[in-house]
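The values are calculated or read from the model by the stated rules, or taken from the named source; none is laboratory data. What you see is a predicted model; the values in this text were computed from it and never measured. We place every Cβ from the backbone using ideal geometry, glycine too, and count neighbours over all the protein chains shown.
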Amino acid sequence: MTRAIIIDTDPGQDDAVAILLALAANDALDVRGIVAVAGNVPLSLTQANARRLVDSAGRADVPVYAGCARPMVQPLRTAEYVHGQSGINGYDWPDPVAPLQDLHGVDFIIESLLAADDKEITLCALGPLTNIAMALVKVPECARGIREIVMMGGGFFTGGNTTPAAEFNILVDPHAAHVVFESGLPLTLMPLDVTHQALVTKERIAPFAAMNTRCGDACAGMFGFFNRFDSEKYGAEGAPLHDPCVIAYLLEPSLFSGKNIPVKIDIAPGLTLGMTVMDWWGVTDDAANCMVMNKIDADGYFALLTKMIGRLP
């Protein structure tokens with residue numbers, strides 16, 4: 001039986017690989033739609049990038065929607081310095097053919113959840129949480145259709161990657177993250193503590209280049225592009241591959257381990273704005289509200305990625 005998902009995303013090379021992974025897994029995942037949000041690059045680019053990925057995977061059946069063009073409260077910050085001006089630099093992408101749906105992405109999320117059975121749909125959040133938070137604020141009763149929200153974001157032992165305290169996805173819209181983490185819904189988080197164990201080394205890129213397919217070539221090219229920035233930044237042998245962890249968890253949860261703990265989002269202005277405050281050691285009486293992963297079988301992760309991307313054209 002397939003698992004119904006909606007992907008909320010700001011592609012982003014790592015988002016792109018996550019989307020391709022999900023689209024390749026059509027025997028396990030029923031992708032009801034892809035909703036773009038402003039984040040790594042502005043919305044005009046993230047929605048076009050999502051459509052390019054649907055085209056590349058040969059999945060014209062998956063609709064793409066444009067969601068929010070800015071965070072709930074603060075101005076948008078983007079990350080072209082990491083991802084390039086397109087967001088998915090590293091491959092010569094053609095113009096998108098897949099149409100952009102007329103319905104606003106937040107309304108698509110709401111309508112899909114209201115039409116779903118109770119706890120039917122998993123929301124896969126690969127970028128800032130603006131669209132999901134807006135759906136929960138606009139029509140709170142839509143939450144009944146959510147099985148789980150699986151997210152990439154935050155960090156605890158590694159700190160932040162955009163400020164010393166905050167990871168990019170959470171920092172872009174900390175107020176949206178606050179809404180989601182206070183929602184009482186089942187949450188699973190893939191923080192930097194996990195993703196920094198999953199490095200895109202030259203040895204792990206090689207099988208993608210050897211596929212001689214457009215999706216294999218696209219992945220290899222994107223890996224090579226963002227490796228240059230992150231390898232220098234972190235002094236590692238390759239860049240962390242963040243967002244596909246969300247999809248890999250749905251396909252092979254045994255690749256990950258962690259624990260259920262209290263997590264809060266700092267929304268106060270200052271040095272720790274956007275920090276994911278994780279009570280890893282149980283020093284408060286706060287109730288656990290999020291399954292936070294902190295370990296990954298990196299070799300198994302890349303084996304899964306290679307196998308599944310190899311299914312695509």
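Search segment 41-64 for residues being within 17 Å of residue 29 (Cβ to Cβ) and in contact with a strand residue (DSSP E or B) (Cβ under 7 Å, 6 or more places away or on another chain), and hand back the single one that is surrounded by the fewest Cβ atoms within 10 Å (Cβ to Cβ).
63
Since residue 66 meets every condition but one in (1) farther than 15 Å from residue 10 by Cβ; (2) free of Cβ contacts under 8 Å to residues at least 60 places away in the same chain; (3) out of contact with any Lys or Arg (no Cβ under 6 Å at 6 or more places or on another chain); (4) among the small types (Gly, Ala, Ser), which condition does it not meet?
All conditions pass for residue 66, except number (1).
Which condition from (1) outside any helix (DSSP H, G or I); (2) modelled with pLDDT under 95; (3) under 14 Å from residue 91 (Cβ atoms) is the one that residue 236 breaks?
Of (1) outside any helix (DSSP H, G or I); (2) modelled with pLDDT under 95; (3) under 14 Å from residue 91 (Cβ atoms), only one is false for residue 236: (3).
What about residue 142, is it more than 17 Å from the chain's Cα centre (by Cα), on the phi < 0 side of the Ramachandran plot and either at pLDDT 95 or above or part of a loop (DSSP other than H, G, I, E, B) (or both)?
Yes.
In the set 211, 151, which member is under 22 Å from residue 20 (Cα atoms), assigned to a loop (DSSP other than H, G, I, E, B) and touching a residue at least 12 places away in the same chain (Cβ under 8 Å)?
Going through 211, 151 in turn, the sole match is 211.
Given the criteria of a type outside the set (Asp, Glu), surrounded by 23 or more Cβ atoms within 10 Å (Cβ to Cβ) and touching a Ser or Thr at 6+ places or on another chain (Cβ under 8 Å), does residue 134 qualify?
Working: of a type outside the set (Asp, Glu): yes; surrounded by 23 or more Cβ atoms within 10 Å (Cβ to Cβ): yes; touching a Ser or Thr at 6+ places or on another chain (Cβ under 8 Å): no.
No.
Taking the condition within 26 Å of residue 187 (Cβ to Cβ) and buried (at least 16 other Cβ atoms within 10 Å of the Cβ), does residue 222 pass?
no
Could you please give the count of residues in segment 295-313 that are of a type outside the set (Val, Ile, Thr), outside any helix (DSSP H, G or I) and buried (at least 19 other Cβ atoms within 10 Å of the Cβ)?
Result for segment 295-313: 1.
Matching residues to (1) of a type outside the set (Ser, Thr, Tyr); (2) within 28 Å of residue 13 (Cα to Cα); (3) not in a loop (DSSP other than H, G, I, E, B):
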position: 257; (1), (2), (3): no, yes, yes
position: 272; (1), (2), (3): no, yes, no
position: 283; (1), (2), (3): yes, no, no
position: 293; (1), (2), (3): yes, yes, yes
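Residue under question is residue 272, and the condition is that it be surrounded by fewer than 19 Cβ atoms within 10 Å (Cβ to Cβ), closer than 20 Å to residue 172 by Cβ and either among the polar types (S, T, N, Q) or modelled with pLDDT under 95 (or both); does it hold?
yes
With the condition kept exactly as written, say whether any residue in segment 80-96 is assigned to a loop (DSSP other than H, G, I, E, B) and under 17 Å from the mean Cα position of the chain (by Cα).
We begin by selecting, within segment 80-96, every residue assigned to a loop (DSSP other than H, G, I, E, B); these are 84-96.
Next cut, under 17 Å from the mean Cα position of the chain (by Cα) only: 87-88.
The answer is yes, given that some residue of segment 80-96 is assigned to a loop (DSSP other than H, G, I, E, B) and under 17 Å from the mean Cα position of the chain (by Cα).
Select, from 75, 71, the only residue that is outside any helix (DSSP H, G or I) and either under 17 Å from the mean Cα position of the chain (by Cα) or surrounded by 21 or more Cβ atoms within 10 Å (Cβ to Cβ) (or both).
71
Out of everything in segment 193-208 that is among the aliphatic types (A, V, I, L, M) and outside any strand (DSSP E or B), what residue ends up being nearest to residue 292 (Cα to Cα)?
Restricting to residues being among the aliphatic types (A, V, I, L, M) and outside any strand (DSSP E or B), the top hit is 194.
Step by step: first the residues of segment 157-192, then only those that are assigned to a loop (DSSP other than H, G, I, E, B), at pLDDT 95 or above and in contact with a Pro (Cβ under 8 Å, 6 or more places away or on another chain), then the one that is surrounded by the fewest Cβ atoms within 10 Å (Cβ to Cβ). Which residue is that?
This residue is 167.
One residue is enough: does segment 109-129 have a residue meeting the conditions at pLDDT below 95, under 19 Å from the mean Cα position of the chain (by Cα) and either within 26 Å of residue 190 (Cα to Cα) or not in a loop (DSSP other than H, G, I, E, B) (or both)?
Within segment 109-129 (the criterion being at pLDDT below 95, under 19 Å from the mean Cα position of the chain (by Cα) and either within 26 Å of residue 190 (Cα to Cα) or not in a loop (DSSP other than H, G, I, E, B) (or both)), the answer is no, since none of the residues qualifies.
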